[in-house]
Amino acid sequence: MYKQKNILFFSIIISLFLFIILLSYFFCIKFPCYIPANYGIKEHINIKEHYAQKITKPKIIIASGSNSLFGICTPLLKEKTNKEIINFGLNAGLPKELLFSLIKKYAKPNDIILMPLEYHYYSRKRIDPVHVMQMKNLTTWGIEYFHELSAIKKLQLFILSIPTVHQRIINYKVKFPIRSYEEYMIDKNQSAILSPHVDYCNSANSYGDFCIDNKSKLNNSFTEIYFNTAELKDYNFKQLKDFSDYLAKQNITMLLTYPVSIQNPNFDLSKKEHLEKIKALNKKFKEHKLNVIGIPELFNFELIYSCDTCYHLNAEGAMLRSLYLADAINCYLAGIPQEIPDLKEYKILKKIEARRYLNEYRKLGYFLEEKQ
């Protein structure tokens, strides 16, 4: 009798467990229901895709986290390279497999993929802890990118999503709050490039750029080490090399370049000891036969060009970064090494040019109305 009760008890427990697993799979993966997440990212993707769908010529696709979202001025880069540009700068908290999915969707033969990945992308482990932010986004609006993830990552996300199943069941009628491109553009100055302030829900212009025309929110006490050389993982470089080889078979070129960083006491590339970190990173690129363009010191910006985080530039900084990047791209397209004899003089001239472009774009008005 006692044995039968134990069997019954464990049978109930196992059945309940399997039922919860089944419910979780149905409401979190198969037909994901609403829970709070960053639905604005999907709106930004929609804007970028709307622009991407118009392009038929060979193009350059920029893909990374938000250092490109806040650090690229698409029309300026387009003008300076004479190439169509798609800026898939999103959020560095998302896995790079999501970027791979977008690249696969839009890249065509003769395109160039340029990836200024944030430094921490090179330090991620093969089995890295999954953050709640990733789970919320990739098991709601991001489920369409789920297939790109490894089996381990899928399992991690699924397990982390199980505690949310009750909330999803309650909200099964709630639609994801994602505006269409047309809805997003209502009451916006679509010809404008700049926004006067950061509004994460509304600041992406018609190219999908955040060009924020304001002063830095960071102060002189700001510090950030960005990465440690000991944390660089070969797995990340191999993954990028495999993706590069996949693209090469379709006559698509993948290039890496350096992300935005902000000069501070712990990461100042004018100092030899900090530049050694970049040399270690470059050594990894070389070991894995990854092609890199750009001069790293140029992308280590003074504080005045920052916006609100260690990877974000304001509008003037985005102009300057776009000019630097354009020169690196043009050297690559011309098949010549980028050599700048006097880096100090070069930066002075580019800063003047960036300010001139900023003033020109100001004449177009602001994408968003200024806060009163």
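The values are calculated or read from the model by the stated rules, or taken from the named source; none is laboratory data. As the structure is a computational prediction, the values presented were derived from the model and not from experiment. FYI the Cβ positions are ideal-geometry reconstructions off the backbone, even for glycines, and counts take in every protein chain you see. Areas reflect the complete protein model, heavy atoms only, side chains present, ligands, DNA and RNA absent. Shrake-Rupley method; radii C 1.70, N 1.55, O 1.52, S 1.80 Å.
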Being in contact with a helix residue (DSSP H, G or I) (Cβ under 7 Å, 6 or more places away or on another chain), surrounded by fewer than 20 Cβ atoms within 10 Å (Cβ to Cβ) and more than 29 Å from L194 (Cα to Cα) narrows K271, K289, K351 down to just K289
Might you let me know whether segment 297-304 holds any residue that is in contact with a Leu (Cβ under 7 Å, 6 or more places away or on another chain), more than 28 Å from D199 (Cβ to Cβ) and surrounded by fewer than 19 Cβ atoms within 10 Å (Cβ to Cβ)? yes
Any chance you could count how many residues in segment 354-372 are open to solvent by 80 Å² or more (accessible area, probe 1.4 Å), under 21 Å from L77 (Cβ atoms) and touching a residue at least 60 places away in the same chain (Cβ under 8 Å)? 1
Residues (among the polar types (S, T, N, Q) and within 11 Å of the chain's Cα centre (by Cα)) located in segment 85-107: N87, N91
Any idea which residue in segment 101-110 is farthest from I55 (Cα to Cα), counting only those that are open to solvent by 10 Å² or more (accessible area, probe 1.4 Å) and in a helix (DSSP H, G or I)? S101
Run N251 past the list (1) surrounded by fewer than 18 Cβ atoms within 10 Å (Cβ to Cβ); (2) among the polar types (S, T, N, Q); (3) in contact with a helix residue (DSSP H, G or I) (Cβ under 9 Å, 6 or more places away or on another chain) and report the number of the one that doesn't hold. (3)
Take the conditions part of a loop (DSSP other than H, G, I, E, B) and more than 30 Å from K277 (Cα to Cα) and apply them to N202. Does it pass? yes
How many residues does segment 90-134 hold that are under 18 Å from L157 (Cβ atoms) and touching a strand residue (DSSP E or B) at 6+ places or on another chain (Cβ under 6 Å)? 1
Cβ-Cβ under 7 Å pairs, at least 6 apart or on other chains, segment 35-62 side in contact (Cβ under 8 Å) with a residue 40 or more places away in the chain and over 17 Å from E79 (Cα atoms), far side open to solvent by less than 40 Å² (accessible area, probe 1.4 Å) and among the charged types (D, E, K, R): I35/R168
Selection within segment 194-218 - within 16 Å of G40 (Cα to Cα), open to solvent by 10 Å² or more (accessible area, probe 1.4 Å) and of a type outside the set (S, T, N, Q): V198, D199, Y200, C201, Y207
Segment 152-186, residues that are without any contact (Cβ under 8 Å) to a residue 60 or more places away in the chain and of a type outside the set (A, V, I, L, M): K153, K154, Q156, P163, H166, K173, E182, E183
Residue check for K277: open to solvent by 40 Å² or more (accessible area, probe 1.4 Å) and either modelled with pLDDT under 95 or not hydrophobic (A, V, I, L, M, F, W, C) (or both): no
